[in-house]
Each structure stands twice: as C-alpha cells, then as structure tokens.
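Report on one structure; see the data block that follows.
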Amino acid sequence: MKTDDLIRVLAADPEVGRTPLALALVYGLLPGIAVSLVLYALLLGPRPHLLELVMEPRILFKIVYPLALFACAAPLALQLARPTGDPRPLLSVLLLLLLVLAAAVAAELVVLPHELWRVRLLGHNALFCMVVIPSLAAAPLVGALVALQRGAPTNPTLAGAGAGLLAGAFAAGLYATHCPDDSPLFVATWYVLTILIVMSGGAIAGSRFLRW
C-alpha cells in the first residue's frame, strides 16, 4: 500500500478519528495532571495571599498566559498526531500568543528603570524554576505521549514537541501560582526556556515512540 493510501485509510478509521483521539488525550493527561498536583501540594503550594494578589495585572498575566498556551497546545497536539491534521491555524494562534508576551515585555521595559532590568530578568528563583517546571511536566508529558500513540503522525518529532508544549505549559501555569517572580521579563525568559526544554524532551521521545 502506498503511503498516501495508508494515510487516507488511517484518517477514515473511527479508532483514530477526532473524538477517540481527543478522549484518549484527556484520559492520558488526567493521571499525569493528578501526579503533578500531588507533587505541587506536597513540595510547593500556592504563594502566600495568592487570592488577594491574583488580580494584580502582572500576577494575573503570569498565571493566565501559560494556561492560554495550554489551551492552544491541546488541539495543536491532536492535529500533529493525525495523518491529515492541519496545525497551521493553531500555529498562527501560538504566534499571536508569543507576540502578546513580547508586548508585555516591551511594556515592562518602558515603565521599568534600566537599572532594574537585570534584577527583574533574573528574579529570585530562576534555577528553581528551571528544575520545577520540567519536573511538574514529566507525568503529563508521559500521559500525552501514550495517548498520542493512538494517532498516526506524519512527523512524530513534531507531534512529540506538541505534547511537550502541552505538558510544559500546564506545568508553568501551575508553578506560576507559587512563583514570587512576577515580571514579564522573568516569564519570557525562564518560563519559555523551561517549556522549550520540555518540548525538546517530547520531540526526542516522540521521534521514537510515536512512529508508525
């Protein structure tokens, strides 16, 4: 059977259709998210007075932004896992989200004295952030990869990276409720870097485990 014919057969197969794969992703993510929440509760917990502070614009942005990435990454991962999926519209949304982050950084630089740029960039917990976010992302990443094995990605590496974006964005949003560093400079540097690390791990794993 030719590759194009096989792709059409897989796309028509109800076992790998839209609803079963989406449900499989949900079922795969739930145990991983539960593990992350347990680790969060045992080792981190929310920052003091979070409910009183959450409407402060920088804190709200720091929490909402990775959750917006998560909301974009879920359908993106599904599209990347389908042989006939089209991720381009979602990649456009992802680009828009990156532009929003860039605008937040630019606004911070405008109002912040130059001598404080480095302070806000480094924050207090950069190295801690680099360790914690990938750690919280590990279980959801495994769950997402297991679920996406039900698909038939034409590019397993990209599909794995999509799973990594999904897991990393969730972990970053969870960690944001604990992190005392609220600057968009910090988010754009360390949160994005740790998400890229998780995406790299997902890409490597996907290239091996999502092949068909």
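Annotation note: Cβ proximity below 8 Å between a residue of the range 41-56 that is within 8 Å of HIS178 (Cα to Cα) and a residue that is of a type in the set (S, T, N, Q) and open to solvent by less than 70 Å² (accessible area, probe 1.4 Å) (sequence gap 6+ or interchain) occurs for PRO46/THR177; ARG47/THR177.
Of the residues making up the range 124-146, one or more are open to solvent by 30 Å² or more (accessible area, probe 1.4 Å), under 20 Å from ILE63 (Cβ atoms), among the hydroxyl-bearing types (Ser, Thr, Tyr) and modelled with pLDDT of 95 or more. The single condition from (1) out of contact with any Lys or Arg (no Cβ under 8 Å at 6 or more places or on another chain); (2) open to solvent by less than 30 Å² (accessible area, probe 1.4 Å); (3) modelled with pLDDT of 90 or more that LEU60 fails is (2).
Could we say that ALA176 is touching a Gly at 6+ places or on another chain (Cβ under 7 Å) and surrounded by 21 or more Cβ atoms within 10 Å (Cβ to Cβ) here? Spelling it out, it is not the case that ALA176 is touching a Gly at 6+ places or on another chain (Cβ under 7 Å) and surrounded by 21 or more Cβ atoms within 10 Å (Cβ to Cβ). Within the bounds of the range 113-121, is there any residue that is touching a Ser or Thr at 6+ places or on another chain (Cβ under 8 Å), closer than 23 Å to HIS178 by Cβ and either open to solvent by less than 30 Å² (accessible area, probe 1.4 Å) or aliphatic (A, V, I, L, M) (or both)? Checked the range 113-121: at least one residue is touching a Ser or Thr at 6+ places or on another chain (Cβ under 8 Å), closer than 23 Å to HIS178 by Cβ and either open to solvent by less than 30 Å² (accessible area, probe 1.4 Å) or aliphatic (A, V, I, L, M) (or both). Scanning the range 24-45 for residues that are in contact with a helix residue (DSSP H, G or I) (Cβ under 9 Å, 6 or more places away or on another chain) and open to solvent by 30 Å² or more (accessible area, probe 1.4 Å) gives VAL26, TYR27, LEU30, PRO31, ILE33, ALA34, VAL35, LEU37, LEU39, LEU43, LEU44. For the range 157-173, a residue qualifies if it is surrounded by fewer than 24 Cβ atoms within 10 Å (Cβ to Cβ) and under 22 Å from GLY85 (Cα atoms), and the qualifying residues are THR157, LEU158. Remark: pairs (first residue in the range 140-162, at negative phi and in a helix (DSSP H, G or I); second residue among the polar types (S, T, N, Q) and open to solvent by less than 20 Å² (accessible area, probe 1.4 Å); Cβ separation under 7 Å; 6+ apart in sequence or on different chains) = PRO140/SER36. Against the condition open to solvent by 30 Å² or more (accessible area, probe 1.4 Å) and farther than 22 Å from ALA102 by Cβ, how does SER200 come out, does it pass? No, not satisfied. Picking from residues in the range 19-67 that are aromatic (Phe, Trp, Tyr) and more than 16 Å from the chain's Cα centre (by Cα), the one that is farthest from GLY168 (Cα to Cα) is TYR27.
The values are calculated or read from the model by the stated rules, or taken from the named source; none is laboratory data. Keep in mind that what you see is a predicted model, and the values were worked out from it rather than measured. Cβ: placed from backbone, ideal geometry, glycine included. Neighbour counts: every protein chain shown. Accessible surface is based on the protein model in full, side chains and every heavy atom, while ligands, DNA and RNA are left aside. Shrake-Rupley method; radii C 1.70, N 1.55, O 1.52, S 1.80 Å.
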